Amino acid sequence: MNVLGDLISSMIAFAVPLILVALGAMFSERSGTINIALEGIMIIGALVASLIFKFLNESQLAVTAPQLCVLIGILGAAIVGALYSFFLAFASIRLKADQTIGGTALNMLAPALAIVVTWAIQGQGQTAIYTPSWVPLAIAPIDANFFERIFLKSMYLTTPICILVIAAATIIIYKTKFGLRLRSCGENPAAADSVGINVYKMRYTGVMISGALAGIGGVAFTLAAGSGFASTVAGYGFLALAVMIFGNWQPLKIAFAALLFAFFKSLSGMSGSIPFLPSFENVKESLYIYLMIPYIVTMIILALTSKKSRAPKAEGIPYDKGSR
Amino acid sequence: MKNSNFFSQMMSSIGKFFVKIWNGILNLRKKRGFNSILASLFSIVIGIVIGLLLMLMIKPKDAFYGLAMMLTGGVSNISNIFQVLYTAAPLLMTGLAVGFAFKTGLFNIGAAGQYTVGAFFAIFGAVILKLPWYLDILLAALGGALWGAIPGLFKAFLNVNEVITSIMFNWIGLFAVDLIIANTPRLLDTYYGGADQSRAVNVAGVNPGAKLPSLGMESLSPYMNVGIFIAIILAIVMFIILNKTTFGYELKACGYNKESSKYAGINAKRNIVLSMAISGALAGIGGALTYLAGTAQMQVTKSISPIGFNGIPVALLGMSNPIGIIFSALFIAYIQIGGNAMQPEFATEVIDIVISVIIYLSAFSLVFKQAIDKYLLNRKRKQIDLELAEENKPKPPAVETPKEGDLQ
């Protein structure tokens with residue numbers, strides 16, 4: 001039972017960054033821009049938050065109101081993430097360039113910038129920024145029971161924020177004027193333009209929302225990884241793109257898809273301690289079998305559900321007023 | 001008599017060839033391609049300037065030393081020159097893979113996985129099957145093609161976006177290769193007395209015939225081999241396929257507009273799978289060129305090869321044109337070796353920042369090109385204005401005064 005508790009807690013910890021970033025990707029694609037730069041934006045967000053944590057660590061605020069400090073870090077990551085994604089928006093909306101160009105550049109820039117900045121601040125070769133001990137929301141007792149394991153172990157401020165974001169995204173996309181306009185820009189920008197919606201403004205907004213969420217997602221990833229910030233998010237930005245397609249561009253389905261993926265991911269992380277899983281005793285490094293499973297499962301589900309998959313019609317195509 | 005006739009004919013045709021090239025160079029300035037090259041060079045200069053500014057911010061007193069290393073590190077000694085060529089070869093292959101897929105309307109972000117699977121096939125062929133190097137390269141192409149064809153099949157028959165499938169199969173390929181290497185004792189370094197358990201054996205040590213020929217220049221540098229020439233030849237072959245054959249035309253047509261190419265009788269599904277397989281084969285050969293050189297050993301690792309991902313910037317910088325990719329791969333390899341020379345004053349990642357700025361600026365290339373076009377046009381206009389002014393100068397009175405005969 002305790003193992004199951006650990007499994008669920010680890011699943012939630014890994015699902016949170018995926019959900020946040022995939023929802024971000026959804027906002028961007030619903031507005032008509034494919035955000036390939038999520039990986040880079042996550043790294044920048046994580047870098048900013050880790051630096052904020054590091055500087056607040058010496059201050060009095062970290063003792064009196066640690067969660068306020070965490071919130072400051074998360075907000076910083078969101079703001080910088082949105083600003084960073086502006087570069088992608090500018091290249092693909094204003095300059096009408098191929099969207100892979102801006103995305104590739106930002107993905108390449110982010111880890112390099114993170115390493116250079118970390119070195120400049122911490123000294124040469126010091127590539128990791130450690131997360132201070134006051135960051136977790138709660139600390140599980142050593143003899144924690146099933147529920148304590150789920151709710152106290154690896155629980156960070158990003159988890160409640162993630163739940164709020166799922167609810168907010170569902171409402172914004174389906175129940176508000178803004179959501180309808182955003183979706184229309186991704187489906188048929190010319191028609192949206194003809195009724196007076198500013199397509200460019202909508203797309204900038206969509207990309208920058210995705211930047212803010214990806215920034216927060218980067219923080220969530222770094223916290224879930226546990227050992228601090230090491231200038232990487234291990235491909236989660238790209239995974240989030242897959243999760244978004246898997247979730248068919250719909251907030252609740254995205255959340256479900258992310259949980260499913262995270263479940264298999266944490267299964268691989270804990271394959272040694274779960275008694276009922278086959279241990280492949282004749283195979284060396286059987287860990288790699290478990291590492292492969294989440295990706296294979298995702299592929300199988302994608303293949304089975306692909307007929308129903310519906311991407312926003314105008315995604316990836318730069319909108320040109322003159323072509324109307 | 002016949003022979004000399006043939007000889008002179010050949011000489012004259014060679015002469016004509018050179019004249020043609022020279023005329024081509026002269027005409028280049030007038031062509032649109034020239035402006036895009038100019039725009040790329042402009043991006044490169046700005047990228048390097050930003051790199052310099054960054055270094056000035058971090059360590060002002062070492063910044064210009066860093067710049068000098070970045071720009072000259074690649075030619076600072078003979079060994080570095082060969083290392084540039086060695087680094088460029090796999091980059092050129094993964095760049096070609098991504099660029100070729102771009103040309104056919106596909107985003108192959110899975111070059112990294114295809115590279116890894118190709119590398120594994122090459123090592124397997126060399127170590128277990130004891131095949132010579134050229135067959136190992138063919139095997140690598142086969143492995144890469146297989147790994148590339150899977151996203152193609154998913155896209156063609158199940159309508160799953162190739163970006164997602166390639167990303168997933170990057171990881172699946174990596175972990176599968178890890179698993180197989182870890183479970184094949186004869187592939188491991190430890191089997192041959194090595195110490196590292198998580199490393200495949202050096203190919204050259206086990207099967208000297210699998211090592212890429214060094215063209216007799218091994219004494220100059222262990223990095224010297226035919227890899228870069230193979231890569232360049234393949235780039236030229238890809239250029240010809242894309243631009244001079246019906247097959248290439250069909251592939252490109254599918255990229256531009258799938259529906260209308262279907263209407264024209266092109267089998268779009270088959271072409272998507274073929275494009276991805278060819279792209280994968282190119283990336284797979286890149287893997288072979290890295291490990292058959294005999295200077296690197298494949299690691300059992302949890303992180304995806306950066307060479308595969310770096311194919312994307314190489315392709316973008318080369319504007320997906322195979323010939324452009326030759327130069328962009330050489331440039332990126334050159335500046336990377338320069339980056340190694342910058343250590344320990346600066347992290348090599350400064351180079352990645354410079355490259356990413358250059359890539360980002362290539363999004364501006366259209367704007368740059370328009371600016372250059374405008375400038376040239378204005379200059380031309382001024383010239384024409386001048387010429388017109390010359391013509392319209394007050395002419396000698398003899399012309400203006402009407403002839404007597406006309407009036408009467």
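Computed from the coordinates by the stated procedures, all read-outs in this text should not be read as laboratory data. None of the values given here were measured: they were computed from a predicted structure. Backbone-built Cβ (ideal geometry, glycine too); neighbour counts: all protein chains shown.
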Would you calculate the separation in nanometres between label points at B:Gln197 and A:Ile171, each defined as 7 Å from the Cα along the Cα-to-beta-carbon direction? 5.4 nm
If you fit an axis through the alpha-carbon atoms of helix A:287-305 and take the longest principal axis of the Cα set of chain A, what angle between them do you get, 0 to 90°, nearest 10? 30 degrees
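If R₀ is 25 angstrom, what is the calculated FRET efficiency for the pair B:Phe18 and B:Leu376, using the beta carbon separation as r and rounding to 0.05?
Numbers: r = 28 Å, r/R0 = 1.11.
The pair B:Phe18/B:Leu376 has a calculated efficiency of 0.35.
Select from region B:230-311 those trypsin sites (Lys or Arg not before Pro) which occupy a DSSP coil region and have at most 16 other Cβ atoms within 10 Å, ordered by residue number. List each step's numbers first, then the result.
Values: sites: B:Lys244, B:Lys252, B:Lys258, B:Lys262, B:Lys269, B:Arg270, B:Lys302; in loops: B:Lys302.
In loop regions of region B:230-311 (DSSP not H, G, I, E or B), the sparsely surrounded trypsin sites (Lys or Arg not before Pro) are B:Lys302.
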On a C-alpha basis, how far is the centre of region B:349-387 from the centre of region A:197-261 in Å? Whole number, if you could? 35 Å
Between helix B:162-182 and chain B, what is the angle of the helix's C-alpha long axis to the longest principal axis, kept within 0 to 90° and rounded to the nearest 10? 40 degrees
Between rounded, prolate and oblate, where does region A:78-219 land on the alpha carbon gyration tensor, with a ≥ b ≥ c its root eigenvalues, rounded for a/c under 1.5, else prolate if a/b exceeds b/c? oblate
Estimated FRET transfer efficiency when R0 is 41 angstrom, pair B:Val45-B:Ala296 (beta carbons, to 0.05): 0.80
Output wanted: per-residue J couplings in Hz (rounded whole) for region B:316-329, from phi through Karplus 6.51 cos²θ - 1.76 cosθ + 1.60, θ = phi - 60°, x for Gly and Pro. 5, 5, x, 6, 6, 8, x, 5, x, 5, 4, 6, 5, 5
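Going by average Cβ density within 10 Å per residue, which order do the peptides B:317-325, B:202-210 take, highest to lowest?
Working: B:317-325: 22.8, B:202-210: 19.7.
Highest-to-lowest ranking by the protection proxy: B:317-325, B:202-210.
Rounded, prolate or oblate for region A:145-254? Axes are the square roots of the Cα gyration tensor eigenvalues, ordered a ≥ b ≥ c, and the cut-off for rounded is a/c under 1.5.
prolate
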Can you work out the Karplus-derived ³J(HN,Hα) for every residue in region B:114-121? Use 6.51 cos²θ - 1.76 cosθ + 1.60 with θ = phi - 60°, whole Hz, and x for glycine or proline. 5, 4, 5, 5, x, 4, 5, 4
Stretch A:Ile121-A:Ala191 to full length: gain in nm at 0.36 nm per residue minus the Cα-Cα span? 20.2 nm
Shape of chain B, Cα gyration tensor, a/c cut at 1.5: prolate
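For an R0 of 30 angstrom, estimate the FRET efficiency from the Cβ-Cβ distance between A:Met270 and A:Leu304 and round to the nearest 0.05. Before the final figure, lay out each step's value.
Details: r = 27 Å, r/R0 = 0.89.
After rounding to 0.05, the efficiency reads 0.65.
Per residue of A:111-124, count partner chain C-beta atoms within 10 Å of its C-beta, then hand back the mean as an integer. Show your work: numbers first, answer last.
Values: counts 5, 10, 6, 1, 6, 11, 3, 2, 4, 6, 0, 0, 0, 5.
Per residue, the number of nearby Cβ atoms from other chains is 4 on average.
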Filter the cross-link list B:Lys269/B:Lys374; B:Lys211/B:Lys302; A:Lys308/B:Lys103; A:Lys265/B:Lys59 down to pairs whose alpha-carbon distance in this structure exceeds 32 Å. B:Lys269/B:Lys374; A:Lys265/B:Lys59
What do you get for the angle between helix B:365-392 and the principal long axis of chain B? Use alpha-carbon atoms, 0 to 90 degrees, nearest ten. 20 degrees
If you take each beta carbon of peptide B:348-356 and count the beta carbons of other chains within 10 angstrom, what is the mean? 6
Can you give me the C-alpha center-to-center distance between region A:125-139 and region A:143-177, rounded to a whole angstrom? 21 Å
Distance in nm between A:Val3 and A:Ile163 label points, each 7 Å along Cα→Cβ, equals 2.8 nm
Cα-projected label distance for A:Ile142 with B:Leu388, points at 7 Å along beta-carbon direction, nm: 9.3 nm
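How shielded is B:153-160 by partner chains, expressed as the average number of their Cβ atoms within 10 Å of its Cβ atoms?
Values: counts 1, 4, 1, 0, 2, 8, 6, 9.
Partner Cβ neighbours, averaged per residue: 4.
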